[in-house]
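Undergrad: Attaching a single structure in structure tokens format; questions to follow.
The values are calculated or read from the model by the stated rules, or taken from the named source; none is laboratory data. Just so it is clear, the structure is predicted and the values come from calculations on it, not from any experiment. Glycine also receives a Cβ, built like all others from the backbone with ideal geometry; neighbour counts cover every protein chain displayed. All accessible areas refer to the heavy atoms of the entire protein, side chains included, with ligands and DNA or RNA removed. Shrake-Rupley method; radii C 1.70, N 1.55, O 1.52, S 1.80 Å.
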Amino acid sequence: MCQGRYSTTDVRSRAVLAVERGQPLNQVAVAYNVHRTTLFRWVRRFATQGSHGLDRRPGSGRPRLLPAFDAEALNDVVLEPASVFGFETDLWTTSRLLQVIRELYGVTLSPDTVWRRLRDAGFTYQKPERRYFEVNEEAREEWLRTEAPRIRAAVRKFRAILYFQDESNVSLTAFLGKTWGFRGQTPQVRVTGKRGGVTAMSALSGQGRLLFRLFTQRIASAEVIYFLDQMLRHHPQRHLVVVMDQAPPHVSRKTKDYVQSQRRLHVHYLPKYSPDWNPDEKVWNHLKHHELKAHQAKTKEELRNLTQRKLATMSRNPSLLKGLFFRCCVADFFG
């Protein structure tokens, strides 16, 4: 809809046309993600100047130092791994971009200019997700062609509830996140130095349901079976389709024998090394990086109680859980 942080002429024209057709200005502003005063200004310009009034006006100020380094040129650089330009790793930093610009264009820009160009082009500074070397892309494509349709067919046939299941370890070592502080004076947060944590298992559905269980021991086949049994007890009249990864406790003979003995339980497995295809991974990410950020638990028991409370709060927030579910790249196949 926009180029960087600026709306395009086409977007402005469609927004104005919607208002001209009688749609409420407030609703159109929300739909196009602009302030209502901005939309009113577009409508007024269109009424007085026609379609030319919707063209973006050039900004004031001195000309850019490097006009040739526009958004398209920036995309050509940043969308490639940094290793393509001779760096050891794939991640981009401002200093690396400055070096590449200097080598390609013979011009030295300031770090602030590079930041501004990146923001204007629609880039944000992000923490990348892990992508494993062992990922088999052919196997993942095969899974989408064969296994995904089987999962959808099972949900339709049995009018089942579809869950994605995963487990995780919640550590006493808290994720701190970021906060504000004076430059050169790094803030400090008091946390425990003890090691340890609690293990937990959960299952997430696209309807915003979250089932979970905390354990005092590491997850093995017995814990997986117990959790699946609790899921069936929670839905005594429904069939369940459960999608999980191929961790050893999930694919053990003991677990598979239990699954085969349950008429209402239908288990499917994700491709290997594909945590990015499991929406339940988003639950643990949200729990650790938001709900438990900089937590003050000092013992395993305190951490267990805190984790139980936070997961219970999350389970009562369907809108949050739906957002986590559909943030996963394969969730659209099962929405």
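Undergrad: How many nm separate the modelled label positions at Leu232 and Arg102, each set 7 Å beyond the Cα in the direction of the Cβ?
TA: Output for this residue pair reads 6.6 nm.
Undergrad: If you wrap a convex hull around the Cα atoms of segment 154-234, how much volume per residue is inside, in Å³? Before the final figure, lay out the partial values.
TA: On the way: hull volume 12.1 nm³, N = 81.
Dividing the Cα hull volume of segment 154-234 by its residues yields 149 Å³.
Undergrad: In the chain, what percent of the accessible surface is made up of carbon and sulfur (1.4 Å probe, ligands and nucleic acids excluded)? Intermediate results must be reported in sequence, preceding the final value.
TA: Values: 10600 of 21220 Å².
About 50 percent, which is the carbon plus sulfur part of the accessible surface.
Undergrad: Turning to a different aspect of this structure: Contour minus end-to-end for Arg150 and Phe85, with contour as 0.36 nm per residue of separation and end-to-end as the Cα-Cα distance? Intermediate results must be reported in sequence, preceding the final value.
TA: Values: separation 65, 0.36 × 65 = 23.40 nm, distance 4.33 nm.
Full extension from Arg150 to Phe85 adds 19.1 nm.
Undergrad: Tell me the angle of helix 94-105 to the major Cα principal axis of the chain, expressed in degrees between 0 and 90 and rounded to the nearest ten.
TA: 50
Undergrad: Next question. Please identify which residues in segment 180-222 have an amide N closer than 18 Å to a label point set 7 Å out from the Cα of Asp112, following the Cα→Cβ vector.
TA: Correct set: 183-184.
Undergrad: List the trypsin sites (Lys or Arg not before Pro) within segment 227-335 that DSSP assigns to loop and that have no more than 11 neighbouring Cβ atoms inside 10 Å. Walk me through the numbers on the way to the answer.
TA: Working: sites: Arg233, Arg238, Arg253, Lys254, Lys256, Arg263, Arg264, Lys272, Lys282, Lys288, Lys293, Lys298, Lys300, Arg304, Arg309, Lys310, Arg316, Lys322, Arg327; in loops: Arg238, Arg263, Arg264, Lys272, Lys293, Lys298, Arg316, Arg327.
Answer by residue number: Arg263, Arg316.
Undergrad: Additional query: State which entries of Lys127/Lys300; Lys194/Lys310; Lys194/Lys293; Lys254/Lys322; Lys194/Lys254; Lys194/Lys322 exceed 24 angstrom in Cα-Cα distance in the structure shown. If you can, show how the numbers build up before the last one.
TA: Details: Lys127/Lys300 29 Å; Lys194/Lys310 21 Å; Lys194/Lys293 17 Å; Lys254/Lys322 32 Å; Lys194/Lys254 35 Å; Lys194/Lys322 35 Å.
Among Lys127/Lys300; Lys194/Lys310; Lys194/Lys293; Lys254/Lys322; Lys194/Lys254; Lys194/Lys322, the Cα-Cα distance tops 24 Å for Lys127/Lys300; Lys254/Lys322; Lys194/Lys254; Lys194/Lys322.
Undergrad: Against the longest alpha carbon principal axis of the chain, how many degrees, from 0 to 90 and to the nearest 10, is the axis of helix 111-120 turned?
TA: 80
Undergrad: How much length is gained if the chain between Ala71 and Gln27 is pulled fully straight, taking 0.36 nm per residue apart and subtracting their Cα-Cα distance, in nm to one decimal?
TA: On the way: separation 44, 0.36 × 44 = 15.84 nm, distance 3.08 nm.
Taking Ala71 through Gln27 to full extension adds about 12.8 nm, to one decimal.
Undergrad: Also: Can you give me the accessible area per residue for the chain, using a 1.4 Å probe, in Å²?
TA: Values: 21220 Å² over 335 residues.
Counting only protein heavy atoms, the per-residue value for the chain is 63 Å².
Undergrad: Dipole size in debye (nearest 20) for the chain around its Cα centre, Lys and Arg Cβ +1, Asp and Glu Cβ -1? Write out the running numbers ahead of the final one.
TA: Numbers: 54 positive and 32 negative charges, 310 e Å.
My answer is approximately 1480 debye.
Undergrad: Oh, and also: Summing -39500 (n - 2.57) over the DSSP H runs of n ≥ 4 in the chain and dividing by its residue number, what mean residue ellipticity at 222 nm do you reach, to the nearest 500 deg cm²/dmol?
TA: Working: 13 runs with 144 residues, N = 335.
Rounded to the nearest 500, the figure is -13000 deg cm²/dmol.
Undergrad: For the pair Ser319/Glu20, report the inter-label distance in nm, with labels modelled 7 Å from Cα in the Cβ direction.
TA: About 3.5 nm separates the two model spin labels.
Undergrad: Within the chain, what is the longest stretch that has no GluC sites (Glu not before Pro) placed in a DSSP loop and near at most 10 other beta-carbon atoms within 10 Å? Please report the intermediate quantities before stating the final value.
TA: Details: sites that count: Glu88, Glu129, Glu134.
Excluding the exposed sites themselves, the longest stretch runs over 135-335.
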